[in-house]
Amino acid sequence: MSGMSHETPEMPEDGPAGGPEDRPADERGGPDGPALRVGILTVSDRVSRGEAEDRSGGRIRAWCVERGYEPAIEAVVPDGTAAIVPVLLNWADGGRADLILTTGGTGFTPRDRTPEATDAVLDRTASGLAEALRRRGEQATPFAVLSRGRAGLRGDCLIVNLPGSPSGVADGLEVLEPLLEHGSLLARGREHPHRTSGSVEPSGSDGASGSRGTSGSHRTGSDDTPGGSP
Amino acid sequence: MSGMSHETPEMPEDGPAGGPEDRPADERGGPDGPALRVGILTVSDRVSRGEAEDRSGGRIRAWCVERGYEPAIEAVVPDGTAAIVPVLLNWADGGRADLILTTGGTGFTPRDRTPEATDAVLDRTASGLAEALRRRGEQATPFAVLSRGRAGLRGDCLIVNLPGSPSGVADGLEVLEPLLEHGSLLARGREHPHRTSGSVEPSGSDGASGSRGTSGSHRTGSDDTPGGSP
Amino acid sequence: MSGMSHETPEMPEDGPAGGPEDRPADERGGPDGPALRVGILTVSDRVSRGEAEDRSGGRIRAWCVERGYEPAIEAVVPDGTAAIVPVLLNWADGGRADLILTTGGTGFTPRDRTPEATDAVLDRTASGLAEALRRRGEQATPFAVLSRGRAGLRGDCLIVNLPGSPSGVADGLEVLEPLLEHGSLLARGREHPHRTSGSVEPSGSDGASGSRGTSGSHRTGSDDTPGGSP
């Protein structure tokens with residue numbers, strides 16, 4: 001059922017952050033909460049110096065708007081951990097974003113330190129997500145395996161390093177999109193009254209919690225339990 | 001040669017612990033040792049409170065019995081590192097199990113801390129194993145990439161985090177089964193007199209030690225050496 | 001062709017900077033720099049004791065010669081972190097090699113500590129590279145997922161753990177070869193005057209820097225920037 005309802009969600013979005021009203025609820029972060037708030041952090045010496053346009057950050061912003069997510073906060077910083085870490089800490093610990101997407105700085109040059117900055121703030125790593133991004137990237141270019149990007153949680157904020165190129169960002173968002181309803185939103189949804197009811201057993205092999213559907217109709221607080229009721 | 005002998009193990013089981021006599025040797029942990037002793041750790045708030053049945057732990061137990069492994073020790077603990085770490089330490093350092101399989105707590109909710117508890121006790125990580133489990137899981141559900149499960153060694157005890165759902169456990173065991181004869185048993189087999197004889201060069205690209213066959217007929221102590229004799 | 005010539009390297013290695021002049025520039029590390037200098041570290045108790053031939057190290061050396069890379073420095077050490085770490089530090093920090101390839105010690109036996117020794121010296125991990133090596137290895141044997149090999153940078157030196165078997169080494173080199181022009185050479189090329197000119201936007205989804213071509217004609221210092229000019 002949850003799989004069937006992707007195209008025909010019936011519940012209106014009514015959360016505080018709102019979203020475009022002409023979009024179906026399941027594209028705005030689910031019916032039982034506000035729109036997902038996304039922090040967009042562009043990491044680039046050249047963009048930060050005004051020498052280049054922030055095309056990748058722009059691509060993420062466009063995706064947020066298109067999906068009904070809220071591009072809640074944005075910044076451009078130069079490469080290097082010194083500039084990145086404080087932004088990640090501020091956005092995550094200050095509750096400014098449910099999801100932080102970085103773009104840039106994941107490569108092999110001496111200035112590429114976004115993964116190290118991310119490691120410095122993550123409480124709980126989710127390397128499967130970083131693996132999935134690279135595998136998808138590999139379909140476009142074999143060099144995608146060189147991305148050193150990380151993914152994981154700080155508190156209930158999911159942080160994901162995307163590659164620096166606009167096309168790499170697009171590929172990464174394609175991977176993330178169906179997963180966001182499961183991973184990040186679950187963390188965000190903790191405060192929602194409906195979250196711990198309606199527990200269902202995941203029928204797949206996922207190790208993460210929550211319902212498998214992306215319609216949000218059966219979102220659960222924690223059913224990553226061996227004895228989840230059927 | 002070792003590849004050919006999969007189906008026709010010729011050597012009788014003669015280890016101290018034994019196994020079901022009606023099973024071929026290669027299903028009992030190999031001819032030169034006792035059955036693999038498996039520790040089963042169910043991590044679940046609900047199961048630990050008696051609110052849900054431990055279906056995933058039960059699934060692991062059934063698999064052990066079916067394969068001729070020994071479900072040597074079992075426990076159910078609530079989520080969170082505080083309860084998990086002492087059990088892992090006790091079982092691994094106390095020599096209670098050759099392989100510890102956990103189920104549950106690998107997701108994104110605040111209580112999901114099994115990977116962090118596992119990190120805290122591992123001496124040597126085997127992320128390739130965790131990667132393989134996720135890739136197999138992805139065949140069942142795209143959300144499998146959200147599993148944050150770890151794998152690795154503490155001393156000579158292999159610890160693997162499986163997902164929380166019974167179906168996720170089943171998928172994981174399917175991946176592990178052919179590998180166990182290679183990885184975990186090798187560590188366990190250190191004390192066996194036959195272990196360092198009959199060294200063969202791995203003919204595949206595995207970076208791990210030992211023979212490729214699962215019949216145990218050419219198990220070796222350490223042939224992950226560049227100059228292994230052919 | 002490259003596969004056929006493994007056993008018959010014909011060209012003598014002769015100089016620290018140069019490469020065979022009858023090879024095209026793109027097989028010598030690019031037109032704007034000296035040949036890639038490769039450090040070859042064989043990790044094996046048996047080879048270090050003279051009990052086995054260093055076939056895997058020899059395979060790496062032959063590959064270097066064939067590709068126009070310089071096998072700049074080589075060593076054989078016993079298993080265990082104590083012997084490996086000082087060699088990695090010396091070669092990387094002493095500027096002895098642009099790329100260090102280790103072979104052996106990535107498995108599950110108690111002596112297999114090459115990944116831990118590598119972890120101890122890496123500044124920046126590149127787990128996507130290690131993942132790619134395992135996925136390629138899996139095509140040859142399911143046990144490849146047991147390789148615990150690491151990859152990453154210390155300073156501008158790329159260090160990659162290859163499996164211990166000659167066939168595993170060959171598979172690993174096959175994965176690395178097309179990537180080296182992108183990752184490792186980029187780090188090495190920092191001092192080159194041409195490096196920061198001719199920036200191009202990566203057209204694929206790679207998170208790493210530099211041009212996608214292997215001809216070296218558009219190698220760049222850092223174009224992993226979201227606003228790279230088209």
Practice task
One decimal, nm, shortest first: give the distances between the label point of C:GLU174 and those of the same position in the other copies, each label point 7 Å from Cα along Cα→Cβ.
Solution key: 2.6, 2.7
Exercise for the section: At 1.4 Å probe size, with every protein chain present, just tell me what the per residue accessible area of the stretch B:99-138 comes to in Å². Expected result: 22
Fill in the blank from the handout: Interface buried area B-C, accessible surface with 1.4 Å probe, both sides summed, nearest 100 Å², comes to 3200
Exercise for the section: Please give the residues from the stretch B:140-159 for which the solvent-accessible area of heavy atoms, probe 1.4 Å, is smaller by at least 30 Å² with all protein chains in place than with the chain isolated. Expected result: B:THR141, B:PHE143, B:VAL145, B:LEU146, B:ARG148, B:ARG150, B:LEU153
Practice task
Report the relative contact order of the stretch B:35-133, percent, no decimals, based on alpha-carbon pairs under 8 angstrom and at least 6 residues apart.
Solution key: 35
Practice task
Name the residues whose placed amide hydrogens come within less than 5 Å of the amide hydrogen of A:LEU162, ignoring near sequence neighbours (fewer than 5 apart) on the same chain.
Solution key: A:THR102, A:THR103, A:GLY104
Practice task
Could you list which residues have their amide H under 5 Å from that of C:GLY80, counting only those 5 or more apart in sequence or on another chain, with H placed in the peptide plane?
Solution key: C:ARG113, C:THR114
Practice task
Give the span of the stretch B:68-146's Cα atoms along each principal axis, as three whole-Å numbers ordered largest to smallest.
Solution key: 37, 34, 23
Fill in the blank from the handout: The answer for B:GLU70, listing residues at least 5 apart or on another chain whose modeled amide H is closer than 5 Å to its amide H, is B:LEU36, B:ARG37, B:VAL38
Completion exercise
HN-Hα couplings for the stretch B:159-170 via Karplus (6.51, -1.76, 1.60; θ = phi - 60°), in whole Hz with x for Gly/Pro, come out as 10, 10, 8, 9, x, x, 7, x, 6, x, 4, 4
Problem - Rotation relating B and A, chain A residue nearest the axis via C-beta, angstrom - result: A:GLU131, 3
Exercise for the section: Would you mind telling me the share, in percent, of accessible area of the stretch C:79-134 contributed by carbon and sulfur at probe 1.4 angstrom? Expected result: 50
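The values are calculated or read from the model by the stated rules, or taken from the named source; none is laboratory data. Remember, predicted model here, so these are calculated numbers, not experimental data. Counting neighbours? That spans all protein chains shown, and the Cβs are built from the backbone with ideal geometry, glycine included. In case anyone asks, the SASA skips ligands and DNA or RNA and just uses the protein heavy atoms, side chains included. Shrake-Rupley method; radii C 1.70, N 1.55, O 1.52, S 1.80 Å.
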